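> Shown below is the structure under consideration.
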Amino acid sequence: DRSGFPTEMEVKTVDPTSLEPCCPKTFYPLLEWYLEVCPGAPVAAVREAYKKFMQSLGTSPSHKRDEHMLQVMFWQKYDDGRKTTTQRPSKRASSVAHTFSNTSGFDQDGIEKFNFSEADHVYSSARKRKLLQEAFVIYLNLRAERGLGADAVQLMDEANAAVGAEVLVNWHRAIGLSKAAPLYKDFRLRQYEERPHLWKRFVSLARDNSACITTPFNGNQRAKLLEGIINRQLDLAQLEVQGYITSIFPLDSRDKIERVDGPDGHTAERIGEAEPSQLLVTWGLPDSAGPFKKAVAFTRTIFKRVPLEEVKNYYGERVAFYFALVDLICKWLILPGVVGAVTFVAQRSMFYDPRTEHAPRSRVIIDIFYACFIAVWGTVVLESWKRESCTLAFHWGQRGINKAEVPRPHYVGIMRRNPITYEDGQVFYPASKRAPWQLLSLSLLLTLAFLEVMGTIFTGRLRGAWVKEQWPFAERAQQLTAILEDAQMTLCCKLGYRLSLWLNEQENLRTGTEYINGLIMKVVCHELWNRFHLYFYIAFLKASREGCVMQVQGRQTLIEPEDMNGKMCYEEVSTQVTIVICVEFAKNAVELIKPIIKTYMGNMFRPAPDVLAVDEEKGYARMAHFCQEAMEKPPYGETLEIDGTFEDYLEIMRLLGHFTLFSLVFPLAPTLGSLLLLVELRVDGFKLFEL
């Protein structure tokens, strides 16, 4: 029975105030602009015309005023305000013009940051602003002559015709509508009665070691609810902007190490005998073991499957999606790893000199097969992730969510009336002020890309000169310059990331989604160019410009361009890909060891605490101990807007690029990449769980 479900929205009468003349850019009533907001307000000519109209309104019949009550209320509102704001602009006018809480174009000292002027509200041309004022005075005089029943749109057309320009607009025309658009009331669904048996039930360990509670929310959901309660009382994002807080996070709970969702549930008698959680089994290391035993335990768990459901319940859906992606790629890399290893052996057994020999027919067939296989594999992996992500999103309740985003705390702008909802208080930042920063972003990133190309060309020439002049370690010139090139890419990656963060902040994007999308566009485009332009240069340009370094009769030799016969620098590309994969392994080791050493050194030089971490009388650890331990851990991400998964996704993107674009010159890349991703999966989990 659908009779109780509203399926259509009822049409509401057009708001009469939306038909009155308004500011072309900020949509506030033009009467309010000239009487309270604009420089020199109230404008004498407008005030006199307004007085004339109010006098005619006072002589209108009562039934006429009752019929047009909304219009009467609109005009009388400014009549009352004018009497109290003749000498100085009102407090509301000042907030409309320039400042609203902490999101305006002025700081606490009133220093203007973004130079919002009269042109930002109405027209940029002084001539059009003068015509607008004249047309509005004519409009008010026509209103006074024809009374309340006159058509506002027709009066505007006559006023525009009198000044010879279409300067007077209402809200509908300002947003580009040819006629008035009807407004609608909110759409609401009937509330359902609560049905407890339809809710999921989770067992949560209580503070008392001998008790437990049953709740419809898992640990991650409880943390989100708590954050929502805090956000209703405190603006955490604004506090972060002002420097009062650096981050907000929940303390670790016992759900992290003890399983509370057993098949038969927990009772008060079994709380002390709770099984270890899947997170502890997969990512935890024994506390009492030495370094060697911890390394052995770490190695044993590399091939364990990530418990995605437990990760989602404890760390949240965003972190769980990252581990799901890496886990899926690891599974799909098994087949190309095997095929790549076979191809690598075949290439080594059928080696030939591309300058003087033709490739064996079997070698050509194997290379073409592997190239087509990798191309198809990359497409299949992407489509498989689309299906998997949709399945997980549906399973985890992440589909069909309409997120109503509020402006970022860093977002500043001018106050205007919302052109969609026609409500006051929208913070608006003109695109014309954002465009210079976007142009600067493009210019700086292109300049950085040009410098990277210059560095790549320099390294290529250094490699050739090193071998040609037989400098020390000339036999390792390819490997050493490849390491130098990788160091350059890493340095430019860090520089580009920091530059993108700063430029993205200067563009003053409104919502968190716009901010993240803008950052992704900058960082990903720069990262793709920074990481992969080198291979295209070596493969397609270096041979014809500088020649190639090759192994000839057991010795590194520089082959001049005229002797390459149009062939590519195959050996150099292969060496560079190999070095990059090996360096990624080293980075994972550093990523794992660095926080451990930092924590160890911090504990070594930290003075002894004045209060013991354990309450000797009760036998329990003090809450202050857990708080201090949590605050000393490094944050997971840059800010509250950019979490740690951002850089993790970038790393996965780089590896996939190497697998799909350049593994033909080094077919062992998928084999080593599968091991690398397994280690990456384990290292990321260990950092999240322990560090």
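The values are calculated or read from the model by the stated rules, or taken from the named source; none is laboratory data. Computed from a predicted model, the values in this text were never measured in an experiment. Positions of Cβ are backbone-derived with ideal geometry, glycine not excepted, and every protein chain shown enters the neighbour counts. Side chains included, ligands, DNA and RNA excluded: accessible areas come from the protein's heavy atoms. Shrake-Rupley method; radii C 1.70, N 1.55, O 1.52, S 1.80 Å.
> So if I check each of VAL552, VAL583, VAL577, which one is more than 27 Å from ASN530 (Cβ to Cβ) and open to solvent by less than 60 Å² (accessible area, probe 1.4 Å)?
Answer to the check: VAL552.
> Then there's this: Could you list all residues from segment 281-304 that are among the hydroxyl-bearing types (Ser, Thr, Tyr) and open to solvent by less than 90 Å² (accessible area, probe 1.4 Å)?
Across segment 281-304, the qualifying residues are THR282, THR299, THR301.
> Let me ask something else about it. Regarding segment 380-402, can at least one residue be identified that is in a loop (DSSP other than H, G, I, E, B) and small (Gly, Ala, Ser)?
Yes, the conditions are met somewhere in segment 380-402.
> Please indicate, with yes or no, whether at least one residue in segment 471-483 is crowded, with 17+ Cβ neighbours inside 10 Å, free of Cβ contacts under 8 Å to residues at least 40 places away in the same chain and out of contact with any strand residue (DSSP E or B) (no Cβ under 7 Å at 6 or more places or on another chain).
Taking every residue of segment 471-483 in turn, at least one turns out to be crowded, with 17+ Cβ neighbours inside 10 Å, free of Cβ contacts under 8 Å to residues at least 40 places away in the same chain and out of contact with any strand residue (DSSP E or B) (no Cβ under 7 Å at 6 or more places or on another chain).
> For segment 429-442, state whether one or more residues are assigned to a loop (DSSP other than H, G, I, E, B) and either modelled with pLDDT under 95 or farther than 14 Å from CYS22 by Cβ (or both). Before the answer, list the steps.
Initially, segment 429-442 is screened for residues assigned to a loop (DSSP other than H, G, I, E, B), giving 429-430.
This time we only want the ones that are either modelled with pLDDT under 95 or farther than 14 Å from CYS22 by Cβ (or both), so: 429-430.
So far as segment 429-442 goes, yes, one or more of its residues are assigned to a loop (DSSP other than H, G, I, E, B) and either modelled with pLDDT under 95 or farther than 14 Å from CYS22 by Cβ (or both).
Okay, residues lined up against (1) over 15 Å from VAL665 (Cβ atoms); (2) open to solvent by less than 90 Å² (accessible area, probe 1.4 Å):
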position	(1), (2)
ILE334	yes, no
GLY337	yes, yes
THR343	no, yes
ALA346	no, yes
HIS358	yes, no
ARG361	yes, no
ILE365	yes, no
GLY378	yes, yes
VAL381	yes, yes
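> Next question, about the same structure. Let me spell it out: the conditions are (1) at pLDDT below 80; (2) farther than 28 Å from ALA375 by Cβ; (3) surrounded by 15 or more Cβ atoms within 10 Å (Cβ to Cβ), and ASN588 meets all of them except one. Which number is the exception?
Just one mismatch for ASN588, condition (2).
> Right, here's the next one. Under 6 Å between Cβ atoms, at least 6 apart or on separate chains: pull out the pairs that start in segment 664-676 with a residue that is closer than 19 Å to VAL590 by Cα and open to solvent by less than 10 Å² (accessible area, probe 1.4 Å) and end on any residue that is charged (D, E, K, R) and part of a helix (DSSP H, G or I).
Pairs that qualify, where the first residue is closer than 19 Å to VAL590 by Cα and open to solvent by less than 10 Å² (accessible area, probe 1.4 Å) and the partner is charged (D, E, K, R) and part of a helix (DSSP H, G or I), are LEU676/GLU584.
> I'm trying to understand the selection: among the residues of segment 511-543, which are crowded, with 21+ Cβ neighbours inside 10 Å and within 15 Å of the chain's Cα centre (by Cα)?
Answer for segment 511-543, where residues must be crowded, with 21+ Cβ neighbours inside 10 Å and within 15 Å of the chain's Cα centre (by Cα): LEU519, LYS522, VAL523.
> Of all residues in segment 36-49, count the ones that are in contact with a helix residue (DSSP H, G or I) (Cβ under 6 Å, 6 or more places away or on another chain) and at pLDDT 90 or above.
4
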